[in-house]
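Everything below concerns the one structure shown next.
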Number of protein chains: 2
Amino acid sequence: MEKGTLIIGGGVIGLSIGWRLRARGEPVTLLERGETGREASWAAAGMLAPVSEVHFQEDVNLRLGQESLRLYPEFVAELEAFTGKEVGYRREGGISVSLHADDTAELRHRFEYQQALDLPVEWLSATEVQNLAPALSHNVVAAVYSPADHQVDNRKLVTVLRCAFVQAGGILHEQTPVEEVRLLEDGPPAVRAGGREWRSEKLLLAAGSWSGMIPGLDGALRPWVRPVKGQILAVRAAPDLIRHNIRTPDVYIAPRADGRLVVGATVEEMGYNADLTVGGVFELLRGAWRAIPGVYEMPIHEIWCGFRPGSRDNAPILGETEIPGFFIATGHYRNGILNTPVTAKYMSELILAGTMPEILAPFSPARFSG
Amino acid sequence: MEKGTLIIGGGVIGLSIGWRLRARGEPVTLLERGETGREASWAAAGMLAPVSEVHFQEDVNLRLGQESLRLYPEFVAELEAFTGKEVGYRREGGISVSLHADDTAELRHRFEYQQALDLPVEWLSATEVQNLAPALSHNVVAAVYSPADHQVDNRKLVTVLRCAFVQAGGILHEQTPVEEVRLLEDGPPAVRAGGREWRSEKLLLAAGSWSGMIPGLDGALRPWVRPVKGQILAVRAAPDLIRHNIRTPDVYIAPRADGRLVVGATVEEMGYNADLTVGGVFELLRGAWRAIPGVYEMPIHEIWCGFRPGSRDNAPILGETEIPGFFIATGHYRNGILNTPVTAKYMSELILAGTMPEILAPFSPARFSG
């Protein structure tokens, strides 16, 4: 049995926890079934928008997201300083727009909830929206501005996290799918992958929507996560045509520094079916066009899809299992990029100190037991 | 100067004329700038629909298309027998539908014109349309059935034409763009390509929308053709869900044997800009969905674009130029696949016999002179 932590899964979650563990001197080995960061981490839009995306009755998720947003500037600064690479972190804020009166009632209802939670939001008239984001449709009736909602280029983020992990001394095995895990009397499960067996003092499962499919993990040890398909596309606009995250009742639109606008996303329970569909792409194009009429003439840069890891209650699964030394960090659903810093910080503390940080308590794997 | 004919352009037109020339014993060499058949021949939908697509005041085009449609069965039979390969020729006919009352007036107007021209068409009630093609929308108000309009798999066609040309002894040089043509005192221009000079008794220019861009061809010798961009896509449906060519006021839908439905096409004057655009793809998806509601759930198989060679009057340019031995066959616009057999037959006769077949007379390059 080797010292340190073995991590299964090389997305933003596995890589960032691994990087934080290495920074504290922990030996870390990471097994990735394919290429690092090419699944949900790659497919995401990179909106850091816990305020705009607040859901009724999901206060613990909101608190987690807000803490992660608070940690983001320092996390990014440290990551960029350590690697010398940028991750496209932007702080322009988000604008949630209504495009007709029915939308406005819904927007107002959410705005009041945001205010009740003391979130930083501002109601904008149509004129104020036009001044803030002139490329938006003249059909915008009203909007809520959320200055605290930020953005990151998630593809850069996961690429830079990979650099940081390796540069910090983490050992990375790509193209190494786990064939089986085997429960042991003493310590966490042993892992068979790439034709050999791996045993470490600690094991972290961070395999996104594949976390529930590891052979040998059964019953209470098997995290219940499912793939939630998202179709998403990017168009090429002039840089700075749009600077804010835009949310409409139909789509969100996340700008990139090079002018690309990422338009997302469908939410579909389709297993791992990766088809782009007529209806999915049609709704994204229509939604983008309704919000920003100028996109009609713009080139489509890319269309893709990905699989969010969704738990039974759509909240992440973060903590130690009933087997000492066996940890899980998955189920981030639509908020994996947002919740990377908070997951990295507190999961690495949990793995090293063995005591559960208070903020992770609501997300324990134990909540699904019994 | 070599005996025989040198052809510039390896699409359906150049390859099919070359094949017919070889069948008559003519030595033929073909220069293709890239890979054969990957431009307009590849991008097309393969509808053979001169009846459904009849345009007012374009009777000479109609006659050419009808003659080509008449030649198609024998052309295909000979090609398939010679090569042992299939080209996906189908005779299910076409259905032009109207989706609301305004469309119906337009459809009726065209129907009366089709009847006046003695074309085989049949007016269908909504119920009759449903019986003929149950996958069509229940919003179909009426339709015109054109049993004579057929289909071919244009990608198979051009691939098989390449086989036939080579198998018949044609000499093919791919990746050999023409660098320059040089006018000579005696005979057709000499061609510089691939670092050497080519001279033959006869020269045929069949380079589609690139025909006007050959360096050295100026003035009356330069065919005026422009690229007319079309965006087009394919969805994957169950085989035989749709068996007919479908035309709506927005799009056409051409079925393939494997179930793919080809949905086309935008008509854009954008030069060689090959971008897929938000608006272009959006209109194709919307048009397909309006005609066949079931496509909403279907996977998008492919999205692409191509460049139709459009002449000044949108009719093909077929014949000998004012330089004896220098022939042109280009400008087929939206009907290159349809007009392949008629072009191959009569252009090869013209090149071999030197006398103009009557059917080609209206399409002479001379019509743009003076």
Area buried, chain B against chain A - accessible surface, total, 1.4 angstrom probe, square angstrom: 1700 Å²
Hey, could you get me the Stokes-Einstein D for the range B:216-263, Kirkwood radius over alpha-carbon pairs, 25 °C and 0.890 mPa s, rounded to whole µm² s⁻¹? 184 µm²/s
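Given R₀ = 41 Å, what would the calculated FRET efficiency be for residue B:81 paired with residue A:213, taking r from the Cβ atoms and rounding to 0.05? Please list the in-between numbers first.
Values: r = 52 Å, r/R0 = 1.28.
The pair residue B:81/residue A:213 has a calculated efficiency of 0.20.
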What does the accessible area of residue A:63 come to, in Å² to the nearest 10, when a probe of 1.4 Å is used? 140 Å²
If I ignore ligands, DNA and RNA and count only protein heavy atoms, how much of residue B:201 is accessible to a 1.4 Å probe, in Å² to the nearest 10? 70 Å²
With each run of n ≥ 4 DSSP H residues scored as -39500 (n - 2.57), what mean residue ellipticity at 222 nm is computed for the protein assembly as shown after dividing by its residue count and rounding to the nearest 500 deg cm²/dmol? -9000 deg cm²/dmol
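Taking all pairs of different Cα atoms in the range B:95-229, averaging 1/r and flipping that mean, what Kirkwood radius in angstroms comes out?
Details: mean 1/r = 0.0505 Å⁻¹.
Across the range B:95-229, the inverse of the average 1/r is 19.8 Å.
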At 1.4 Å probe radius, can you tell me the per residue accessible area of the range A:243-370 in Å²? 35 Å²
Regression test value, accessible area per residue of the range B:83-216, probe 1.4 Å, units Å², expected 45 Å²
Output, in nm with one decimal and in ascending order, the distances from the residue A:270 label point to the matching label points of the other copies (7 Å from Cα along Cα-to-Cβ). 2.5
Which distances in nm, rounded to one decimal and ordered from shortest, link the label point of residue A:57 to the equivalent label points in the other identical copies, with labels set 7 Å from Cα toward Cβ? 6.5
Using 1/(1 + (r/R0)^6) with R0 = 25 angstrom and r between the beta carbons of residue B:355 and residue B:197, what's the FRET efficiency to the nearest 0.05? 0.25
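With the Cα gyration tensor of the protein assembly as shown in hand, convert its eigenvalues to equivalent ellipsoid semi-axes via √(5λ) and list them largest first in whole Å. Walk me through the numbers before you get to the answer.
Values: eigenvalues 697, 184, 120 Å².
Equivalent ellipsoid of the protein assembly as shown: 59, 30, 25 Å, largest first.
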Relative contact order of the range B:8-99: what whole-number percent is it, with Cα pairs under 8 angstrom and at least 6 residues apart? 22 percent
In whole angstrom, largest first, the equivalent ellipsoid semi-axes that the Cα gyration tensor gives for the range B:178-312 are 41, 15, 12
Could you pull the copy-to-copy label distances for residue A:355, with points set 7 Å along Cα to Cβ, in nm to one decimal and sorted shortest first? 10.6
In bins 10 Å wide, starting from 0, what share of all Cα pairs of the range A:29-150 does each bin hold, as a percent? 12, 33, 32, 17, 6, 0
Where does each of B:272, B:72, A:333 land when they are ordered by accessible area, with a 1.4 Å probe and the largest first? B:272, A:333, B:72
Normalised radius of gyration for chain A, please: alpha carbon Rg relative to 2.2 N^0.38 Å, two decimal places. 0.99
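Just need the relative contact order of the range B:106-264 here, percent rounded to a whole number, with Cα pairs under 8 Å and 6+ apart.
Details: 187 pairs, mean separation 21.7, N = 159.
Dividing the mean separation by the residue count of the range B:106-264 yields 14 percent.
Quick check: net charge around residue B:163, other residues with Cβ under 15 Å of its Cβ, Lys/Arg +1 and Asp/Glu -1? Spell out each step's value before the answer.
Working: positive: B:20, B:22, B:85, B:155, B:156, B:162; negative: B:32, B:35, B:78, B:80, B:86, B:153, B:174.
After counting each charged neighbour, the total is -1.
For chain B, what % of the accessible area comes from carbon and sulfur atoms, probe 1.4 Å? Walk me through the intermediate numbers first.
Values: 7320 of 14720 Å².
Percent of accessible area from carbon and sulfur atoms in chain B: 50.
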Can you compute 3J(HN,Hα) from phi for each residue in the range B:41-55, using the Karplus curve 6.51 cos²θ - 1.76 cosθ + 1.60 with θ = phi - 60°, rounded to whole Hz and x for Gly and Pro? 4, 7, 7, 5, 9, x, 6, 10, 10, x, 6, 4, 9, 4, 10
FRET efficiency for residue B:182 and residue B:364 from the Cβ-Cβ distance with R0 = 22 Å, rounded to 0.05, comes out at 0.35
Contact order normalised by length for chain B, with contacts defined as Cα pairs under 8 Å and 6 or more residues apart; what percent is it? 24 percent
What span do the alpha-carbon atoms of the range B:236-370 cover on each of the three principal axes, reported in whole Å from largest to smallest? 57, 31, 22
per DSSP, antiparallel bridges as share of beta bridges in chain B, % nearest 5, sits at 70 percent
Report, by chain and number, residues whose modeled amide H sits under 5 Å from the one on residue B:172, excluding near sequence neighbours (fewer than 5 apart, same chain). B:30
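How would A:185, B:86, A:179 rank on accessible area, largest to smallest, probe 1.4 Å?
On the way: A:185 185, B:86 140, A:179 85 Å².
Output order, biggest surface exposure first: A:185, B:86, A:179.
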Post the alpha-carbon centroid distance, the range B:115-171 to the range A:231-298, in whole angstrom. 35 Å
If you take the Cα atoms of the range B:72-122, find Rg, then find the Kirkwood Rh from the mean of 1/r over all pairs, what is Rg/Rh? 1.23
Accessible area in the full protein assembly, largest first, 1.4 Å probe, for B:29, B:355: B:355, B:29
Enter the accessible area of residue B:250 (Å², nearest 10), with the probe set to 1.4 Å and all protein chains included. 70 Å²
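Compute and list, largest first, the equivalent-ellipsoid semi-axes of the range A:5-46 from the alpha carbon gyration tensor, each √(5λ) rounded to a whole angstrom. Can you show the working numbers first?
Values: eigenvalues 83, 28, 5 Å².
Result for the range A:5-46: semi-axes of 20, 12, 5 Å.
The values are calculated or read from the model by the stated rules, or taken from the named source; none is laboratory data. Computed from a predicted model, the values in this text were never measured in an experiment. Every residue, glycine among them, receives a Cβ derived from its backbone with ideal geometry; neighbour counts consider all protein chains shown. With ligands, DNA and RNA removed, areas are computed over all heavy atoms of the protein, side chains included. Shrake-Rupley method; radii C 1.70, N 1.55, O 1.52, S 1.80 Å.
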